[in-house]
There are 2 protein chains.
Amino acid sequence: MSGDRRNSTRQTKRIGVRDVARLAAVAPITVSRALSFPDSVAPATRQRIMEAVSSLGYIPNRVAGSLSSNQTRLIGAIIPTFQSSVATEFTGGMATVLRSRGYQLLLGGSNFSVEEEESLILEFLSRRADGIYLTGTTHTERASRMLRESRVPVVEVASLDGEPIDMLVGFSNADASFAMMRHLAGCGYRKVAFFSLPTKDNERQRGRIAGYRRGVETFGLDPDPALMAEVHMDLASATRSLGELLERRPDAEALFCGGDLLAIGALFECQRRGLRVPEDFGVAGFDDIDLAGFMQPGLTTVHLPHQMLGARAAELLLDRLAGKPVAGSVVDMGFEIVVRGSTRKVR
Amino acid sequence: MSGDRRNSTRQTKRIGVRDVARLAAVAPITVSRALSFPDSVAPATRQRIMEAVSSLGYIPNRVAGSLSSNQTRLIGAIIPTFQSSVATEFTGGMATVLRSRGYQLLLGGSNFSVEEEESLILEFLSRRADGIYLTGTTHTERASRMLRESRVPVVEVASLDGEPIDMLVGFSNADASFAMMRHLAGCGYRKVAFFSLPTKDNERQRGRIAGYRRGVETFGLDPDPALMAEVHMDLASATRSLGELLERRPDAEALFCGGDLLAIGALFECQRRGLRVPEDFGVAGFDDIDLAGFMQPGLTTVHLPHQMLGARAAELLLDRLAGKPVAGSVVDMGFEIVVRGSTRKVR
DNA sequence: ATGGATTATGGTACCGGTATCATATTGCCG
DNA sequence: CGGCAATATGATACCGGTACCATAATCCAT
């Protein structure tokens, strides 16, 4: 009556530390140590344990380990969408760094909704993720509070000017956008339109708009609000919106987009309409996705180090977890205006 | 000496079920039930518990819950790369379904290496993921064995003709590729080149090559191996490889690519070289990524329901977990040849 | 009214590791 | 060669939920 098992949910009892310990003739804790901190166990013992491990096919149960050690080695990340190469490149950057340090990635998509984000955050906190990565600084009240109270390290990838919960990695969207406007103005374009992505709960897009407005004002460009539009992030919406813009303002001279995908859609639409780029019409984007450099003509855009942003965010998180208590760090990763064929040469 | 805490790793003791139970004047197990199966608790009790939960800001510890209940509600997914919109769309599809059913996604990238895949699998098994999603049917010996022995539900998204570990969702790469060859032959192209992605440990690409070869043979096309090349999955490699191809075989009439990105790179390169598509040179891709339909001319390609593939895979996994014991299911999601402007009109 | 089924709740042990502290062993130095 | 520090290993309890079975309360049909 001691060897019977009454596992209903469970299949035939799994191999555990105790089994390995018995076979290697050591205490369970020693097995645990041999696997987690090999150096803390004598070489001979370690080898005996390793042999037992492989001969039994022992797969440690990290769930139990996490409960006991109070660390999961899990990082929860929330991206707005899986459709954007920008978001997934961030994620790839993070995943690489995390894995190299023995962490795993718990990933969720918020669909650009702060409410969905909140529920994902709650989920991640429930799973006791060791750190959390968020896109942007806009969150629900409750989400921010829960994060702060949980004392979990958080990195946000966003504009520098937001109010970070904890750490923040990013660049100034407004400055980048303004820099692009300087370029466009320098090209001689006076009637510059702007397509932003949906701005709801998205302070990054709002920053880009602010930069555009500042540019319009600073360089004395056409301030007509009819030159602006909010466009969904897909090629079809972009081409459609360009059509509408050209109906409202057939005299528009250039278009700056708050995302490369929009700019690329616009570029295709220009080709279709026989609009010559950059002579008749200039186009500029934001993000510098792979494709931007391959378009014909190449897309002038704001270059951002996507993968590195993700990697840096992961490093911040892990450094913090490793005990380096850097409170409230803000890291500026900068940006770069990349001029290609879609805007006129500046003389 | 009973109320003192000696938590070193831990911060000031977290709220637990016991705290909530005390406040609601019930047993801990009742709190657990109220949260997991609300209907199994009397309404009045449930409400008292819910009030206690929110007044204490209780966040259940799923790590403990997982250990105890032996289910993590975690699905581990391995994609070859974060750079491919195909892979990330799969993932998005999965993530959506998983979340709607209360599961979370543990994501890793294998960099197209079965060895990295193996280590990721081990990691996921260690974390006791309830199910595992893999890309392809090519894995290391050890990985396959561990998966089988673990008795964890596994879905592979791959060619139908592979040998699945458990469940499989996909379509026949060879048939799809052959169907495209029929189209190309029908267009009158006789010297059709083929660019595949790296074939190492990738039976999907090999299936596509097989379909190409079968097409060449069946339709009596030029079988010169110089028409074939293996190309890395990025635009730069694609354009470079097209240049090399045209040096080897300046008389090539069309190019079929084992991935849209390659085809798009080729399309750009054709524009650059002034090659008229589809008159002088036909181009066809595989996957039908968003961009394909927007190119000028539009890219003829094999359409696949990426998101749905991911969603279907997730559903299979969850259905299995929900107790529907469908052994060794194989789901054919089909494909579709989408003819656009990059290949000649068939008369 | 009464027995048996049904529903609501609780006691207890246990999931499988690891933190913590204790003990045994070895090494080194004067 | 004794004594103390450093190193290697172990005993025990506990992490925070939930499975399992028991018990109490409620209900209904006869």
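Which far-off residues, 5 or more places away or on another chain, put their amide H under 5 Å from the one on B:Glu336, with H placed in the peptide plane?
So B:Glu336 has HN proximity to B:His303.
If Lys and Arg each add +1 and Asp and Glu each add -1, what is the summed charge of the other residues whose beta carbon sits under 13 Å from the beta carbon of A:Gly259? List each step's numbers first, then the result.
Values: positive: A:Arg204, A:Arg208; negative: A:Glu230, A:Asp234, A:Asp260, A:Asp287, A:Asp288.
Local charge sum for A:Gly259: -3.
What FRET efficiency would be calculated for the residue pair B:Arg148, A:Ser100, taking the C-beta separation as r and a Förster radius of 25 Å, to the nearest 0.05?
Numbers: r = 29 Å, r/R0 = 1.15.
Step by step, r from the Cβ atoms, then E = 0.30.
Computed FRET efficiency, Cβ-Cβ of B:Ser54 and A:Leu275, R0 56 Å: what is it to the nearest 0.05?
Details: r = 58 Å, r/R0 = 1.03.
So the FRET efficiency works out to roughly 0.45.
Taking Cα pairs under 8 Å and at least six residues apart, what relative contact order does region A:119-277 come out at, in percent? It would help to have the intermediate numbers written out before the result.
Numbers: 249 pairs, mean separation 29.8, N = 159.
Computed value for region A:119-277: 19 percent relative contact order.
Run through the other copies and list how far each one's label point is from that of A:Val326, in nm with one decimal, shortest first; the point sits 7 Å from Cα along Cα-Cβ.
Distances between equivalent label points, in nm: 4.9.
Which sequence of A:Arg204, A:Arg213 reflects their accessible areas, 1.4 Å probe, from the largest down?
Values: A:Arg204 40, A:Arg213 135 Å².
Result, largest first: A:Arg213, A:Arg204.
Measuring from centroid to centroid over Cα atoms, what is the spacing of region A:188-257 and region A:288-333 in Å?
So the two Cα centres are separated by 25 Å.
Please list 3J(HN,Hα) in residue order for region A:241-247, calculated via the Karplus relation 6.51 cos²θ - 1.76 cosθ + 1.60 where θ = phi - 60°; whole Hz, with x for glycine and proline.
Once rounded to whole Hz, the list reads 5, 5, x, 5, 4, 5, 6.
Return one whole number: the accessible area per residue of chain B in Å², for a 1.4 Å probe.
Details: 14950 Å² over 347 residues.
Per-residue value: 43 Å².
Evaluate the charge dipole of region B:173-304 about its Cα centre and quote only its size in Debye, nearest 20, assuming +1 on the Cβ of each Lys and Arg and -1 on the Cβ of each Asp and Glu. Working shown, then result.
Values: 15 positive and 19 negative charges, 41 e Å.
So the dipole magnitude of region B:173-304 works out to roughly 200 debye.
Does region B:173-304 classify as rounded, prolate or oblate by the C-alpha gyration tensor (a ≥ b ≥ c root eigenvalues; a/c under 1.5 gives rounded; else a/b over b/c gives prolate, otherwise oblate)? Could you put the intermediate results ahead of the total?
Working: a/c = 1.25, a/b = 1.12, b/c = 1.12.
Verdict is rounded for region B:173-304.
Find the relative contact order for region A:17-60 and round it to a whole percent, using C-alpha pairs within less than 8 Å whose residues are 6+ positions apart.
On the way: 33 pairs, mean separation 18.0, N = 44.
Taking the mean separation of contacting Cα pairs over the length of region A:17-60, I get 41 percent.
Between B:Glu247 and B:Ser119, what's the calculated FRET efficiency when r is the beta-carbon distance and R0 is 51 Å? Round to 0.05. Can you show the working numbers first?
Details: r = 41 Å, r/R0 = 0.80.
After rounding, the FRET efficiency stands at 0.80.
Using only alpha carbon pairs under 8 Å that are at least six residues apart, calculate the relative contact order of chain A and give it in whole percent.
For chain A, the relative contact order is 16 percent.
Which net charge results when you count Lys and Arg as +1 and Asp and Glu as -1 among the other residues whose beta-carbon is under 12 Å from that of A:Glu115?
-3
What distance in nm separates the two pseudo spin-label positions at B:Arg182 and A:Arg190, each 7 Å out from Cα along the beta-carbon direction?
6.0
Please compute the net charge surrounding B:Ser241, taking Lys and Arg as +1 and Asp and Glu as -1 over other residues with Cβ under 13 Å from its Cβ.
Working: positive: B:Arg240, B:Arg248, B:Arg249; negative: B:Glu230, B:Asp234, B:Glu244, B:Glu247, B:Glu269.
Net charge in that neighbourhood comes out at -2.
Output wanted: per-residue J couplings in Hz (rounded whole) for region A:53-67, from phi through Karplus 6.51 cos²θ - 1.76 cosθ + 1.60, θ = phi - 60°, x for Gly and Pro.
So the J values, rounded to whole Hz, are 4, 6, 5, 8, x, 5, 10, x, 9, 6, 5, 4, x, 5, 4.
In debye to the nearest 20, how big a dipole does the protein assembly as shown give about its Cα centre with +1 on each Lys and Arg Cβ and -1 on each Asp and Glu Cβ?
On the way: 84 positive and 80 negative charges, 476 e Å.
The dipole of the protein assembly as shown has a size of about 2280 debye.
What total accessible area, in Å², is buried where chains A and B meet, using a 1.4 Å probe and rounding to the nearest 100?
Values: alone 17570 and 17540 Å², together 29910 Å².
Buried area between the two chains comes out at roughly 5200 Å².
The values are calculated or read from the model by the stated rules, or taken from the named source; none is laboratory data. What you see is a predicted model; the values in this text were computed from it and never measured. FYI the Cβ positions are ideal-geometry reconstructions off the backbone, even for glycines, and counts take in every protein chain you see. Only protein heavy atoms, including side chains, enter the accessible area calculation; ligands, DNA and RNA are left aside. Shrake-Rupley method; radii C 1.70, N 1.55, O 1.52, S 1.80 Å.
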